[in-house]
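Below: the structure, in structure tokens.
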Amino acid sequence: MSKINGIYAAVMSVLNNDLTLNTDKTIKHAEMVIDQGCHGAAIFGSTGQAQLISISEKINLFNELSKSKYKEKYIIGTGLNSLGETINLMSVARSLNFKKFLIMPPAFYKYSDNDVINFYSKIIDVHPECEIVLYNFEKLSIFKFSKRLYELSLTPIICFGNNFTNS
């Protein structure tokens with residue numbers, strides 16, 4: 001497993017006037033931040049409006065993004081609450097040889113550390129070859145990653161963010 005190092009910009013999703021995803025401009029934006037010195041780009045995080053982009057638009061972007069000269073430098077956010085849909089979308093991305101993913105626990109619900117470990121474990125069971133960045137966005141997910149959870153971190157998980165509780 002490689003280690004994700006450096007600065008990864010959270011890139012925006014560029015929308016058309018009808019609010020559909022402009023795939024070409026979104027990819028050009030991601031490539032531009034790398035051209036200007038970032039080590040990579042995170043696609044479909046909160047800045048990329050992941051939860052507002054349809055699955056079909058995400059898949060279309062993945063197909064085009066797989067042709068990018070920087071394909072290996074992308075971290076793909078799923079932006080989905082459903083475990084099954086997260087796994088399915090990752091399967092599509094994996095078929096295009098993406099292996100780095102940004103995944104947040106489902107939003108709006110309260111979880112224990114064990115629930116979150118179970119959530120990520122189920123993903124890793126299906127995609128053990130993937131590198132998963134824990135998306136530590138408490139205001140959206142309503143879950144605060146504990147220091148215990150981080151210390152128990154599941155290989156191959158990498159933690160993104162540093163806002164942890166001491167429990």
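When region 83-132 is limited to residues that are assigned to a helix (DSSP H, G or I), among the charged types (D, E, K, R) and open to solvent by 70 Å² or more (accessible area, probe 1.4 Å), the one that is nearest to Gly48 (Cα to Cα) turns out to be Glu85.
Look at region 85-98: where a residue is small (Gly, Ala, Ser) and a partner is buried (at least 20 other Cβ atoms within 10 Å of the Cβ), sitting 6+ places away or on another chain with Cβ atoms under 6 Å, you get Ala93/Phe62; Ala93/Ile76. Considering only residues that are among the aliphatic types (A, V, I, L, M) and surrounded by 18 or more Cβ atoms within 10 Å (Cβ to Cβ), which ones fall in region 50-75? Hits for region 50-75 are Ala50, Ile53, Leu61, Leu65, Ile75.
In region 50-90, the qualifying residues are those that are among the hydroxyl-bearing types (Ser, Thr, Tyr) and in contact with a Ser or Thr (Cβ under 8 Å, 6 or more places away or on another chain), and the one that is nearest to Ile117 (Cα to Cα) is Thr86.
Figure legend. Inter-residue proximity from region 62-74: first residues in contact (Cβ under 8 Å) with a residue 24 or more places away in the chain, second residues open to solvent by less than 10 Å² (accessible area, probe 1.4 Å), beta-carbon distance below 6 Å, spacing 6+ or different chains. Indicated pairs: Phe62/Ala93; Lys73/Gly40; Tyr74/Ala41; Tyr74/Ile43. Within region 26-49, the set of residues being in a loop (DSSP other than H, G, I, E, B) and either surrounded by fewer than 21 Cβ atoms within 10 Å (Cβ to Cβ) or out of contact with any Leu (no Cβ under 6 Å at 6 or more places or on another chain) (or both) comprises Gln36, Gly37, Cys38, His39, Phe44, Ser46, Thr47, Gly48, Gln49.
Looking only at region 113-144, residues that are modelled with pLDDT under 70 and out of contact with any helix residue (DSSP H, G or I) (no Cβ under 8 Å at 6 or more places or on another chain) come to 7 in all. In region 10-25, the qualifying residues are those that are outside any loop (DSSP other than H, G, I, E, B) and of a type in the set (A, V, I, L, M), and the one that is nearest to the chain's Cα centre (by Cα) is Ala10.
The values are calculated or read from the model by the stated rules, or taken from the named source; none is laboratory data. Because the structure is a prediction, the values reported are computed rather than measured. Neighbour counts run over all protein chains shown; Cβ positions are idealised from the backbone, glycine included. For the accessible areas, the whole protein counts, side chains as well, though only heavy atoms, and no ligand, DNA or RNA atoms are used. Shrake-Rupley method; radii C 1.70, N 1.55, O 1.52, S 1.80 Å.
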